[in-house]
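Contents: one structure, followed by commentary.
All of the numbers you see were taken from the coordinates with simple rules; none came from a lab. Because the structure is predicted, anything quoted here is derived from the model rather than measured. Every residue, glycine among them, receives a Cβ derived from its backbone with ideal geometry; neighbour counts consider all protein chains shown.
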């Protein structure tokens, strides 16, 4: 009997628990215990298997470029490269995109907590070398994070509807108020701030912290997530109870259109320099990071459960936030930076 051959792996990257689909030929296990999937020798029990298709989860304890193999009673396949996400931090509670600091390569994320919950440290900094450090401790329910063109970090609080500005002395001072259930935040290429109130409003906030209504959307059950694209439009996700949600595109005049429809619980999003949209969502029952091209083609790029947010660093890594962890996955993506 011929040895099994892997013909494709989809996707070719993932984080712990992410579901991948392996297409194969010549795979014919005589018994279930003869069926195996390994990542650099670390085993993952297949969730389902046939002669041409195996579904398996990314196991714990691996990171970086690893070798994927399958085996049955007749032999083991050749190795296929696979990118396993490196876990940088855990015991967190992100609810939106992490923020990447282009000045020093650090990543900022939150321990947001339940509504009204006060935690010892609410915002963490993950250095370029992967060291997690406490950053702020005086915010309740920090949610969205974004840097302005000058490199100042701004943070929304869904608890009090305030946007906070972080001073050079690591103090959070109120910058804008009366923003409802403030969640997502983003800056356009001119440095203008936009904030999402998950009850149905996207606000523009001027340079002295005064908000005005920019656009209206359907209320979200979780949070709005905001990102500007290379075309200058604002893109927004806001998961509802539907399994057929949209990514919205909001033009400069506030006109809202559906950019892509058919996602389950879409959340964090970011663009690359080629105008591809990367979005955390479920599609056809599988959760991960999906790439949507300008022509509307969709493909899964990273498999992962419990994902809520992402950003792209200067080295081509996608930084992923789950409900508890921060991962770094090398995809070779050219980032889009609106202030360049």
Original post:
Which entry in (i) 59, 51, 39; (ii) 65, 54, 45; (iii) 73, 40, 36 matches Cα extents along the principal axes in Å derived from the coordinates of this structure?
Top reply: (iii)
Original post:
Label 7 Å along Cα→Cβ of residue 2; region 16-35 residues with amide nitrogen under 19 Å?
Top reply: 22-30
Original post:
Hey, what did region 5-84 get for relative contact order, percent, Cα under 8 Å, at least 6 apart?
Top reply: 34
**OP:** Based on the mean of other Cβ atoms within 10 Å per residue, sort peptides 156-165, 49-58, 213-222, 293-302 so the most packed one is first.
**Re:** 156-165, 49-58, 213-222, 293-302
Subject >> Sorted by Cβ neighbour density within 10 Å, fewest at the top, the residues 225, 102, 33, 204 >> reply: 33, 102, 204, 225
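How long is the gain from residue 244 to residue 261 if the chain were fully straight, where each residue apart is worth 0.36 nm and the alpha carbon distance is subtracted?
Full-extension gain reported as 5.5 nm.
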Subject >> Sequence of 40, 212, 274 once ranked by neighbouring C-beta atoms within 10 Å, starting from the fewest >> reply: 212, 274, 40
Original post:
Over the chain, what relative contact order in percent results from Cα pairs under 8 Å that are six or more residues apart?
Top reply: 14
**OP:** State the Cα centre-to-centre distance between region 256-301 and region 108-166 in whole Å.
**Re:** 26
**OP:** Would you mind checking region 214-239 for residues with the amide N under 20 Å from a putative spin-label position 7 Å along Cα→C-beta of residue 115?
**Re:** 217-225, 238-239
